[in-house]
Structure formats: structure tokens, C-alpha cells
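> My structure is below; once you've seen it, I'll send some questions.
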Amino acid sequence: ASTLGAAAAQSGRYFGTAIASGKLGDGNYTGIANREFNMITAENEMKIDATEPNQGQFNFNNADRIYNWATQNGKRMRGHTLAWHSQQPGWMQSLSGNSLRQAMINHINGVMAHYKGKIPYWDVVNEAYADGNSGGRRDSNLQRTGNDWIEVAFRTARAADPAAKLCYNDYNIDNWSWAKTQGVYNMVRDFKSRGVPIDCVGLQSHFNSNSPYNSNYRTTISQFAALGVDVAITELDIQGGSSSTYASVVNDCLAVSRCIGITVWGVRDSDSWLGANTSPLLFDSNGNKKAAYNSVLNAL
Ligand code: XIL
């Protein structure tokens, strides 16, 4: 196969990228994205501040621009994201308690109704666990509504679109020896044992010198999979762009049958949220394939 998407499809997987609606007029960008990727995540356009800028008033203009581009080009989407402490609109930031809990439920229902039957995977909850050694929840306005907020979000999402696969997504849960990884693992195990609807775990996989790739990544993927959920690599970027690290990530996913696909967090280095100088992606800022691209293609 000569593209990332086609190469991933050889093993029944997908290869995706984050897309920014503001760049859909850039032919170099859309040319690469259309050619190489077959799964799309909106980089910001499906987040809470974008889709419900005023309470009860939903806006899907930019989200739909990406959805329509993806669909017209034969690509599926990962929905990102419904409940998160970050990128909340101002009105939500100022809520707490029962009114925030109900606003979260209404938000999930509003967004999932708009895309009902159209988006196969949703990041229902994003980044709910704390960094460091606690292995516990992150403090946030959502967490302060009660520890059950995550399972309420998942139950709400299941009812809103029963066809969607529901994912928990986080960063720094790649390294099996980290407390945060174990915290999320224990939550997923608990949800599966109690019948809370969860179908997948997203490993964001933003690798850098503070959270480097570790060879126990394959163990992490297989341990989550053994709980009976799919695993997706959802926001991959590697500061420095090491070809061998990119190949290791691909090999680790391919080693676990329930690792269903890989998404990189942007097309060209110049599109990266990290800045082009860190060279984290598979295409350089001119849109040329990097060594890491060839490494990934060969590993798939
Ligand atoms: C980032 C986007 O790439 C930026 O454009 C935005 O300013 C901030 O969010 N984890 C996530 C993603 O789940 O939504 C974040 O995306 C990167 C970290």
C-alpha cells in the first residue's frame, strides 16, 4: 500500500489525523489529508465551547464543515469530545453542582442528537484523571459534581446514540507503570464489571521528554484490551519526530488485535499544536513526507 490509510486497512485498522476547519481551504493540507488518512478528528470544532457557545444554543457550523469534508471524501470521524474540564464555554465554567451536572447531560444529548448514527466513535469523557502519583481523579468543576459524573456521561451517551462506540480518552496513560494509567485501568475494569457502557479507551500518546514512549506501551494496550474494550491511539505526536519511536508505536498497536487504529494530531509539522520547531508529525511544513512517514508506512 502506498498511503497510511490503505496500509492500515490491510490489517483492518484505520489511520487518522486531526483536522482544523480553518485549513480546509489550503489545498496542500487537504491534498495530503485526503490522500493519506481515512479517519478524521476535529481538532477543536466538536469541543464544548465550539458546539454550545451559549447555554442551550448549539452551533455545528465548523464541526459540520469538517464532517461534510470527511464524509464527502469517504472518511469516518472520531467525535471529540463531550465532557472535559478544558475548553468549556464561559457559561459552563461558571456552573457547579446540579446545574452543571444537568448542563453536561444536556450537552451530550444535544451534540449526539445532531450526529446520531453518523459518528462511529465518541470521546465521551476526556482527561478526567490527575497527573502524578495519586492515580485518582483530576479536580475540576465536573469532578466536584460527584464522582459518578463519568458514568453518568457514558450512560447518557449510550442512550443518546446507541450505535456509537463510547471511549474514555486521556494522556499520560501510555506507560503501564504510571499511577495515572492504573487509575484509568481500574475505572474501566469497574465500569465493565458493573455494566457501565464503555467500549473503548483512547491513548492520546503525546510523547515528549517528560512523557516519553516506553516499551511497556504494548503491555498497556493489551491490558486495556483484555478488559473487553477496544483501544485507539488518538492524538499521536512525538516531539523530535523519531522514526524508530513512530515505528514502535505502530508495531505495538499491530501486536494487539483490539488496537483498532492510530490518529496523528495534525497533518504537517506547521499544523501541530506543539509548534513546527518540535518536528512532531509525519509531514514537514511544506507537506513533504518525513523519514518518520516512511517508517510508519513500512511498519503498517
Ligand atoms: C488541542 C488543540 O490541538 C489546540 O489547537 C487547542 O488550542 C488546545 O487543544 N488533548 C486533547 C486535545 O484532547 O483536544 C488537545 O488539542 C491536545 C491535548
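> Looking for something within 16 Å of the ligand (Cβ to nearest atom), among the polar types (S, T, N, Q) and either touching a His at 6+ places or on another chain (Cβ under 7 Å) or over 20 Å from Glu36 (Cα atoms) (or both) - is there at least one such residue anywhere in the stretch 232-252? Explain how you work it out, then say what you get.
First, pick out the residues of the stretch 232-252 that are within 16 Å of the ligand (Cβ to nearest atom): 232-239.
Add one more test, that the residue is among the polar types (S, T, N, Q), and what stays is 234, 239.
Restricting the remaining residues to those that are either touching a His at 6+ places or on another chain (Cβ under 7 Å) or over 20 Å from Glu36 (Cα atoms) (or both) gives 239.
For the stretch 232-252, residues within 16 Å of the ligand (Cβ to nearest atom), among the polar types (S, T, N, Q) and either touching a His at 6+ places or on another chain (Cβ under 7 Å) or over 20 Å from Glu36 (Cα atoms) (or both): present.
> Please work out if Ile173 is closer than 27 Å to Trp265 by Cα, within 16 Å of the ligand (Cβ to nearest atom) and part of a helix (DSSP H, G or I).
no
> Only one of these is closer than 29 Å to Val124 by Cβ, aromatic (Phe, Trp, Tyr) and either away from the ligand (no atom under 16 Å from the Cβ) or surrounded by fewer than 21 Cβ atoms within 10 Å (Cβ to Cβ) (or both): Tyr293, Tyr213. Name it.
Selected residue: Tyr213, the only one of Tyr293, Tyr213 that is closer than 29 Å to Val124 by Cβ, aromatic (Phe, Trp, Tyr) and either away from the ligand (no atom under 16 Å from the Cβ) or surrounded by fewer than 21 Cβ atoms within 10 Å (Cβ to Cβ) (or both).
> Answer yes or no as to whether Thr156 is touching a Leu at 6+ places or on another chain (Cβ under 8 Å) and away from the ligand (no atom under 15 Å from the Cβ).
The answer is no for Thr156.
Quick grid of which residues meet (1) under 15 Å from the mean Cα position of the chain (by Cα); (2) closer than 30 Å to Gln182 by Cα:
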| site | (1), (2) |
| --- | --- |
| Arg65 | no, no |
| Trp69 | no, no |
| Gly74 | no, no |
| Gly97 | no, yes |
| Met104 | no, yes |
| Gly110 | no, no |
| Trp122 | yes, yes |
| Asn126 | yes, yes |
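> Here's something else I'd like to know. Among the numbered conditions (1) within 16 Å of the ligand (Cβ to nearest atom); (2) over 25 Å from Glu127 (Cα atoms), tell me where Asp269 comes up short.
Asp269 satisfies every listed condition except (2).
Each value in this text was obtained by applying a stated rule to the coordinates, not by laboratory testing. Quick caveat: nothing in here was measured; it's all calculated off a predicted structure. Virtual Cβ from ideal backbone geometry, glycine too; neighbours counted across all protein chains shown.
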